[in-house]
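Remarks on the structure that follows.
The values are calculated or read from the model by the stated rules, or taken from the named source; none is laboratory data. On a predicted model such as this, the values are computed, not experimentally measured, just so you know. FYI the Cβ positions are ideal-geometry reconstructions off the backbone, even for glycines, and counts take in every protein chain you see. With ligands, DNA and RNA removed, areas are computed over all heavy atoms of the protein, side chains included. Shrake-Rupley method; radii C 1.70, N 1.55, O 1.52, S 1.80 Å.
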Amino acid sequence: MSTSRQPDPVNDAAAATLERARCVIGVVPHPDDEAYAMAGTLALAAARGARVAVLCATRGEGGGDPRVRSAELAASCALLGAGQPEFLDWEDGAVAQRPGDRAAADLRAALRSLAGACPGDALVL
């Protein structure tokens, strides 16, 4: 029995983009969000030789001890082939109250810093 795959332009383009990526940055709001939102993509990128980084907006204090949650994120990053996670240190649960221009500036600066270490363009998830 033969199983042929139907062309899927969107997924095929995404796969090609990931295959070419030399640097992949995952952006998540809380520690552990990387595990269910993009772990497979980050691990695949790392296995293909891309530099992988994770930027986390908070330390997850709304869901437990922030030291523990930060350490759990670091352990997850190590398993996925990413470097040490970077944190914006925004207050968990109060991100929506952050002034939009300040949040955008913080995020832009962090992404520029992470992307500056990339050999080429960065793919941001």
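Taking region 94-124 as the range and being in a loop (DSSP other than H, G, I, E, B), under 15 Å from residue 52 (Cβ atoms) and open to solvent by less than 70 Å² (accessible area, probe 1.4 Å) as the test, the residues that pass are 117, 118, 119, 120, 122. Taking first residues from region 26-55 that are buried (at least 16 other Cβ atoms within 10 Å of the Cβ) and partners that are of a type in the set (Lys, Arg), the Cβ contacts under 8 Å between residues at least 6 apart in sequence or on separate chains come to 30/69; 31/59; 31/69; 32/69; 50/22; 51/22. Scanning region 72-93 for residues that are in a helix (DSSP H, G or I) and open to solvent by 60 Å² or more (accessible area, probe 1.4 Å) yields 72, 78, 79.
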